[in-house]
Amino acid sequence: MSAKQNILNKLRNSLTGTTPVPDDFDVALVTEPWTYTPEQRIPQLRKLMEAVHTEIHLSTEQDWPALLAQLVTDRQLPSLLIAPTTPHGQTVTAHWAQNPALPALKAYDRRVEEWKDELFNDTPASLTTTLGAIAATGSLIMWPTPEEPRLMSLVPPVHFALLKASEIRDNFYQVQREMNWAAGMPTNALLVSGPSKTADIEQVLAYGAHGPKDLVVLILEDA
């Protein structure tokens with residue numbers, strides 16, 4: 001018998017004669033202290049995300065492309081990576097077409113192996129959507145898709161994220177129940193509260209070590 005099998009057998013045998021602990025999970029403990037009115041959700045989310053260096057801007061379904069263009073221009077970013085086949089990617093493309101002086105758009109429309117060097121070394125910013133957010137923890141819900149893969153929000157130093165105000169939930173339990181996460185999840189669902197940071201080296205806080213240095217969230221209030 002292998003050492004692994006021996007250990008597993010000991011663990012299984014250790015349960016012989018024991019009584020399972022009853023499941024006395026109280027939903028109120030994970031919901032009631034973290035429940036908000038519709039008017040409270042954006043301020044709560046904003047307070048927590050700005051506390052960890054996330055930049056928040058309020059906009060609308062009509063005005064956000066112009067706001068995005070202004071933010072990209074103000075940061076003097078030479079280009080912006082988008083997912084061209086998504087609705088928001090098409091909206092950005094249409095706005096940029098009417099304003100030819102704006103920085104260049106890059107399309108994530110190829111396998112990463114075909115342009116890996118350019119993606120990692122010459123792509124300063126990206127735009128992605130979100131699946132929603134959690135007010136209690138100040139977190140965006142990122143749900144990568146084939147059209148908008150995880151690398152879009154992970155690699156460029158500046159990450160612009162679109163969030164509909166109507167998709168801000170109160171707490172994580174509500175998210176799991178309403179979205180029925182128990183029925184299936186992607187291999188890379190993410191909760192993101194701010195730009196990448198680490199203090200592993202000499203306990204000095206540094207941004208951008210494992211992902212974007214800047215996270216900019218556009219909240220669409222009339223969504």
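Where a number appears in this text, it was derived from the coordinates with a stated rule and is not lab data. Note that the structure is predicted; figures quoted are calculated from it, not measured. Glycine also receives a Cβ, built like all others from the backbone with ideal geometry; neighbour counts cover every protein chain displayed.
Descriptive notes on the structure:
- Against the chain, whose longest principal axis comes from its Cα atoms, helix 3-13 is set at around 60 degrees.
- Helix 64-74 axis, angle to the chain major axis (alpha carbon atoms, nearest 10°): 80 degrees
- Chymotrypsin sites (Phe, Trp or Tyr not before Pro) within segment 54-130: DSSP coil, no more than 13 neighbouring Cβ in 10 Å: none
- Subtracting the Cα-Cα distance of residue 122 and residue 204 from 0.36 nm times their residue separation leaves 26.8 nm of extension gain.
- Prolate/oblate/rounded label for segment 10-68 (Cα gyration tensor, a/c 1.5): prolate
- Correct choice for mean projected area of the Cα convex hull in nm² that was computed from the model, options (1) 18.3; (2) 11.1; (3) 12.1: (1)
- Charge dipole (the chain, unit charges on Cβ, about Cα centre) - positive-most of 37, 6, 62: 6
- Placing a pseudo-label 7 Å from each Cα along the Cα-to-Cβ vector at residue 47 and residue 177 gives an inter-label distance of 2.3 nm.
- The chain: angle of helix 87-97 to the longest principal axis, Cα-based, in degrees nearest 10: 20 degrees
- Phi-derived couplings, Karplus 6.51 cos²θ - 1.76 cosθ + 1.60 at θ = phi - 60°, listed residue by residue for segment 39-52: 6, 8, 5, 5, x, 5, 4, 5, 4, 6, 6, 5, 5, 10 Hz, with x used for Gly and Pro.
- Cα centroid separation, segment 144-223 to segment 52-103: 18 Å.
- Loop-located trypsin sites (Lys or Arg not before Pro) in segment 120-223 (DSSP state not H, G, I, E or B) with no more than 15 neighbouring Cβ atoms inside 10 Å do not occur.
- For 127, 67, the sequence from fewest to most other C-beta atoms within 10 Å is 67, 127.
- Rounded to 5, the percent of DSSP beta bridges in the chain classed as antiparallel: 25 percent
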